[in-house]
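The values are calculated or read from the model by the stated rules, or taken from the named source; none is laboratory data. These numbers were taken from a predicted model, which means no experiment stands behind them. So basically every Cβ, Gly included, is an ideal-geometry build from the backbone, and we count neighbours across all protein chains shown. Just so you know, the surface numbers come from the protein's heavy atoms only, side chains and all, with ligands and any DNA or RNA stripped out. Shrake-Rupley method; radii C 1.70, N 1.55, O 1.52, S 1.80 Å.
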Amino acid sequence: MTNDVKRVYQHGTLALLIPGLFTGTMTVAELLTHGNFGIGTAHGLAGELVLLDGHAYTVNGDGQVTELAPDGTVPFATVHWQDSSLPTQAVHQRTKAELETQILAQAPLKNLFFAVKMTGTFKVMHTRAVQTQQEPYPNLTVATRVQPEFEQTDVTGTLIGYYAPALYQGAAVAGYHVHFLNDTHDFGGHILDYTVVDAQMTLQPFETFEQHFPSDNEAFLKSDFDLQQVNADIEEAEH
Ligand SMILES: [Zn+2]
């Protein structure tokens, strides 16, 4: 079977993190059968997940980078098969805001899910990372009230993440949601801001968004999700 590069696969939803459903419900080994690049978080909200070329790394609240073992688990992750036949675009001297606006101005992508992958040198990379939570888990707003932030200058590495159409807020973060890992694997996290010096960027639009649910997780099955609360909490915790 060939890997479907037109499909993005998601296990769990961003919304299930909001009431504190941080228990891992899929192994890393299984997640990696659905894609080789992606983002998410690990069991217990143990850091920002960065999947690069079939390896799953987390950047934890102390800024430490660890590769997850195949039997590690995730409550929420989005992955895809990177299409190596896609053209790359050179990006020079752009801020995050400039580049994100430029991407949507150059192609009609606003109503699609697409992956952004960018490798190169960044003048500034500003990230944050969630801190590992202990049971009984607090809700996401409480868990992310203190979020350590990290910044490096003149750093080389890979940005990976997704754009989701506005309609999918709750399933995902509407708009861009991108993570970073440097080449020496000792700095990264959920991206707050950056300035590119020189990088190569690939945009990969998807035809299919496959949403997989933790259908044997009782806490998930019994949770009540309020759309307005989900919206407000995503705005507070993820931006
Ligand atoms: Zn993130």
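Place a +1 charge on the Cβ of each Lys and Arg in region 185-239 and a -1 charge on the Cβ of each Asp and Glu, then give the dipole magnitude about the Cα centre in debye, rounded to the nearest 20.
Values: 1 positive and 13 negative charges, 24 e Å.
The dipole of region 185-239 has a size of about 120 debye.
Taking 0.36 nm per residue of separation and subtracting the Cα-Cα distance, what length does fully extending GLU210 through VAL142 add? Write out the running numbers ahead of the final one.
On the way: separation 68, 0.36 × 68 = 24.48 nm, distance 2.94 nm.
Length gained, GLU210 through VAL142: 21.5 nm.
Top to bottom by accessible area (1.4 Å), largest first, where do GLU30, GLU135 land?
GLU135, GLU30
Over the chain, what is the relative contact order in percent, taking alpha-carbon pairs closer than 8 angstrom and at least six residues apart?
Relative contact order for the chain comes out at 29 percent.
Net charge within 11 Å of THR127 by Cβ-Cβ distance, Lys/Arg positive one each and Asp/Glu negative one each, not counting THR127 itself?
Value of the local net charge: -3.
Quick one: net charge around LEU112, please, counting Lys, Arg +1 and Asp, Glu -1 for every other residue with C-beta under 13 Å from its C-beta.
+2
With a sphere of radius 9 Å drawn around the Cβ of LYS6, what net charge do the other residues whose Cβ falls strictly inside it have (Lys, Arg +1; Asp, Glu -1)? Numbers along the way, then the final one.
Details: positive: ARG7; negative: ASP4, ASP83, GLU207.
Counting the neighbours of LYS6, the net charge comes to -2.
With the dipole of the chain worked out from charges on the C-beta (+1 for Lys and Arg, -1 for Asp and Glu) around the Cα centre, which of PRO75, ALA107, HIS11 lies farthest toward the positive end?
ALA107
Can you compute the charge dipole magnitude of the chain about its Cα centre, using +1 on each Lys and Arg Cβ and -1 on each Asp and Glu Cβ, nothing else charged? Give it in debye, rounded to the nearest 20.
Dipole about the Cα centre, nearest 20: 480 debye.
Run the quick spin-label model on LEU86 and ALA105: label points 7 Å from Cα toward the beta carbon, then report their separation in nm to one decimal.
A separation of 2.1 nm, rounded to one decimal place.
What FRET efficiency, computed as 1/(1 + (r/R0)^6) with R0 = 22 Å and r the Cβ-Cβ distance, is obtained for THR121 and GLU67, rounded to the nearest 0.05? Intermediate values should be presented prior to the final figure.
Values: r = 24 Å, r/R0 = 1.07.
The value I calculate is 0.40.
Please list GLU48, GLU236, GLU210 in order of solvent-accessible area, largest first, computed with a 1.4 Å probe with all protein chains present. Intermediate results must be reported in sequence, preceding the final value.
Values: GLU48 10, GLU236 110, GLU210 70 Å².
The residues order as GLU236, GLU210, GLU48, largest area first.
Express the carbon and sulfur contribution to the solvent-accessible surface of the chain as a percent, rounded to the nearest whole number, probe 1.4 angstrom.
50
Using a 10 angstrom Cβ neighbour count of at most 15 plus a DSSP loop assignment to flag exposed trypsin sites (Lys or Arg not before Pro), which longest range of the chain is free of such sites?
7-109
Mind running the shape call on region 115-171? Use the C-alpha gyration tensor, a ≥ b ≥ c as the square roots of the eigenvalues: rounded below 1.5 for a/c, prolate if a/b tops b/c, oblate otherwise.
Oblate shape, in that a/c is at least 1.5 and b/c is the bigger or equal ratio.
What whole-number distance in Å separates the alpha-carbon centres of region 142-177 and region 72-99?
Centre-to-centre (Cα) distance: 12 Å.
With a ≥ b ≥ c the root eigenvalues of the C-alpha gyration tensor of the chain, is it rounded (a/c under 1.5), prolate (a/b larger than b/c) or oblate?
Rounded, because the longest to shortest axis ratio a/c is under 1.5.
Which of GLY120, VAL65, THR88 sits farthest toward the positive end of the charge dipole of the chain, with +1 on the Cβ of Lys and Arg and -1 on the Cβ of Asp and Glu?
So the residue we want is THR88.
Might you tell me the accessible area per residue for region 99-200, computed with a 1.4 Å probe and given in Å²?
Heavy-atom accessible area per residue stands at 43 Å².
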